[in-house]
Amino acid sequence: MYDLVVVGSGPAGSTCARKAALAGLDTAILEKEKHPREKICGGAIGPRVEQELGVPIDKIAERKFYSASILGPEGDSVELTLQKKKGYMVKRSRFDSSLLERAKEAGVDVFENVKAVACEQLRRAVRVLCEGDSFKARLIAGADGFESVVARSMKIRDCWQPDEVAIGFATNIPLKERVIEEISYKDSTGRLGLEIYPGAIKWGYGWFFPRREEISIGLGCRSDKAENLKAEWESFLQQVQKNKKIEVEKPNQQGFRLPFYTRSTKLVSRRTMLLGDAAGLASPITGEGIYYAIRSGTIAAEVAKEAVDMKRAAHVISYQERIAEELGKQLEIERFIAETLFQSEDRISRLIRLLSEDKVLRGYAKQIILGNSGEYLKRKIIQRMITRHPLEAIRFTI
């Protein structure tokens, strides 16, 4: 019997398994596919991901970026520079495989092409039932994504509500590196950056991210606000191709669904914790979830170690409490900002003009892009709007 079985080997699962093994727990990962496997994802990560992993990621990153161009629906734009900090563009097949290899090196038993179909609570353990096999453990970490088998089997959650989910389409288009250099946005220092299009769709945004030998283009919005999403996506993709002067006959597009954490989101049951996308841990503003996945994996590993040492399975409740305190408050503030911002094209355009005029607000926006939003930053934004831009504060109903 294992101390911990982790279902899913994305950033959350591999991080959790590795850190649990390093802490002395007998740990296994169950992965339904075989690495390297691709996952549709913008792949932009900020500097805090590298800090959380504790190792340089230059060698597995596709590109570095130092800025983002925010392009509004009325054609206005503003540049947000990271100054002395940098972010990375990663290809998920390579990034996820690297994290899984690190888990193997830490002593984790990795079972690929093993699909979990259900979990069951035993008297003193839990069992993960797979196609043709089963695995028994003291604890389970469910890092198995949006349609989490672990969440349903352990009666933590049956489904997400429409206002808790973003949906959209994305594609990765292979191009020569020279072409990518020519068509991508460059900041004032000549370095490639990200392009973000808030308002490209109601209650959402589009993106154009350059990697080494491909570009990532995507469009997404909140599920309950989606109208004619497929047509909106095709129109956005055509417009980007026209603006960039590239032609792609049949892009390999994929749909995606991304859940969002709320204060009422349940993350645990007896002997079970949910991580990453299975827990809805992604930014409601940018959709970035890799940092939250990795951080939730770290917290789950620490809680698992404590629970096993204490011989007290009920200790997993502390995982719910720690996520609420460390990540939940930040995500709730980002949800507030997203709901304030994405209500209309007019609000987005007004905000971009404010950012162009106000260096302090640009600094706050940069912190949000970097994932450093919190109650303190929320108060500073409201204070700045009320004292320096009172009429706009009224229009934004702040």
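Key figures for this structure:
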read-out	value
Ordering of 238-249, 380-391 by burial proxy (mean other Cβ atoms within 10 Å per residue, highest first)	380-391, 238-249
Value of Rg to Rh for the stretch 336-395 (Rh from inverse mean 1/r over Cα pairs, i.e. Kirkwood)	0.92
In the stretch 140-238, the trypsin sites (Lys or Arg not before Pro) that fall in loop regions by DSSP, at most 14 other Cβ within 10 Å	K155, K176, R212
Karplus (6.51, -1.76, 1.60) ³J(HN,Hα), θ = phi - 60°, over the stretch 60-72, in Hz, Gly and Pro reported as x	9, 7, 7, 8, 9, 9, 10, 7, 9, 9, 9, 10, x
Unit Cα scatterers, Debye sum, the stretch 99-153: log10 I(q)/I(0) for q = 0.20, 0.23, 0.25, 0.28 Å⁻¹	-0.82, -1.03, -1.13, -1.22
The chain: angle of helix 375-388 to the longest principal axis, Cα-based, in degrees nearest 10	10
Mean projected area (nm²) of the alpha-carbon convex hull when the stretch 270-355 is viewed from all directions	6.2
Taking the C-alpha atoms of the stretch 191-347, convex hull volume expressed per residue in Å³	154
Cα-based helix-to-principal-axis angle, 11-22 vs the chain, degrees rounded to 10	40
Loop sites in the stretch 1-75: trypsin sites (Lys or Arg not before Pro), DSSP, at most 13 other Cβ within 10 Å	K34, K59
Rounded to 5, percent antiparallel among DSSP beta bridges of the chain	70
Amide H contacts under 5 Å for G204, placed H, 5+ residues apart	G199
Under the Debye formula (equal points on every Cα, no solvent term), log10 I(q)/I(0) of the stretch 124-198 at q = 0.18, 0.20 Å⁻¹	-0.85, -0.96
Kirkwood Rh in Å, taken over the stretch 255-398 so that all alpha-carbon pairs contribute	16.7
Overall dimensions of the stretch 6-120 by Cα: Rg and Dmax, Å	17.3, 56
Acute angle (nearest 10 degrees) that the helix 92-105 long axis makes with the longest principal axis of the chain, alpha-carbon atoms	30
The chain: equivalent-ellipsoid semi-axes (sqrt of 5 x gyration tensor eigenvalues, Cα, Å)	36, 24, 19
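We did not get these values from a lab; they are worked out from the coordinates using the rules stated. Source: prediction; values computed, not measured. Every residue, glycine as well, gets a Cβ built from its backbone with ideal geometry; the counts of neighbours run over all protein chains shown.
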